[in-house]
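Colleague: I'd like to ask you about the structure that follows.
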Amino acid sequence: MSITLEGLRTVIYPAPDLQAAKQWWSQLLGTNLYFDQPFYVGFNVSGYELALMPDANPADGALVYWGVTDVAGSVATAIEAGATEHTPVADVGDGIVTATVRTPEGQILGMIFNPHFSVDR
């Protein structure tokens, strides 16, 4: 029983003050965001997603999403291995599927299938 992690895809930082966070990250990265909605803001950083989410729980820290080919199957395997569901499998739009589980030690493991992922080099 195992899953294959294809590499890092996305890091989401909680941003309770989304406007201030957008300004700070834009200045720090020297780039503009490419996705800007009240529920999610995204920057492309060398092909990887650096995102800000106003309703993410700051106590959970940054959410890291690993690429997988089958989110539902990977979640099922993780649960069989002792993880618990944190957020259910969801199609978040444009063919992108995500889910998170809590490991037996309490860490959050994010899994994502993004058919549009491509690393800029």
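Colleague: For region 19-33, state whether one or more residues are open to solvent by less than 50 Å² (accessible area, probe 1.4 Å) and either within 22 Å of Ile96 (Cα to Cα) or under 11 Å from the mean Cα position of the chain (by Cα) (or both).
Modeller: Looking for residues that are open to solvent by less than 50 Å² (accessible area, probe 1.4 Å) and either within 22 Å of Ile96 (Cα to Cα) or under 11 Å from the mean Cα position of the chain (by Cα) (or both), one finds at least one in region 19-33, hence yes.
Colleague: Could you tell me which numbered condition Met53 fails, if it satisfies all but one of (1) surrounded by 12 or more Cβ atoms within 10 Å (Cβ to Cβ); (2) within 14 Å of Met111 (Cβ to Cβ); (3) in contact (Cβ under 8 Å) with a residue 12 or more places away in the chain?
Modeller: Evaluating Met53 over (1) surrounded by 12 or more Cβ atoms within 10 Å (Cβ to Cβ); (2) within 14 Å of Met111 (Cβ to Cβ); (3) in contact (Cβ under 8 Å) with a residue 12 or more places away in the chain leaves (2) as the failure.
Colleague: Now a separate question. Only one of (1) open to solvent by less than 70 Å² (accessible area, probe 1.4 Å); (2) under 12 Å from the mean Cα position of the chain (by Cα) fails for Phe113. Which number is that?
Modeller: Evaluating Phe113 over (1) open to solvent by less than 70 Å² (accessible area, probe 1.4 Å); (2) under 12 Å from the mean Cα position of the chain (by Cα) leaves (1) as the failure.
Colleague: Search region 77-86 for residues being open to solvent by 50 Å² or more (accessible area, probe 1.4 Å) and closer than 16 Å to Gln107 by Cβ, and hand back the single one that is nearest to the chain's Cα centre (by Cα).
Modeller: It comes out as His86.
Colleague: Would you mind listing the strands (runs of 3 or more DSSP E) fully within region 1-118 where at least 1 residues are of a type in the set (Ser, Thr, Tyr) and out of contact with any helix residue (DSSP H, G or I) (no Cβ under 7 Å at 6 or more places or on another chain)?
Modeller: 8-14, 40-45, 48-53, 63-67, 84-93, 96-102
Colleague: Looking only at region 82-108, how many residues end up being touching a Pro at 6+ places or on another chain (Cβ under 8 Å) and among the hydrophobic types (A, V, I, L, M, F, W, C)?
Modeller: Count: 3.
Colleague: Go through (1) under 30 Å from Met1 (Cα atoms); (2) open to solvent by 70 Å² or more (accessible area, probe 1.4 Å); (3) modelled with pLDDT of 95 or more; (4) not hydrophobic (A, V, I, L, M, F, W, C) one by one and return the number of the condition Ser74 breaks.
Modeller: (2)
Colleague: Being loosely packed, with under 13 Cβ neighbours inside 10 Å, touching a residue at least 12 places away in the same chain (Cβ under 8 Å) and of a type in the set (D, E, K, R) is the filter here; which residues of region 87-110 pass it?
Modeller: Asp94
The values are calculated or read from the model by the stated rules, or taken from the named source; none is laboratory data. Not measured: the values here are computed from a predicted model. Cβ atoms come from the backbone with ideal geometry, glycine included; neighbour counts cover every protein chain shown. For the accessible areas, the whole protein counts, side chains as well, though only heavy atoms, and no ligand, DNA or RNA atoms are used. Shrake-Rupley method; radii C 1.70, N 1.55, O 1.52, S 1.80 Å.
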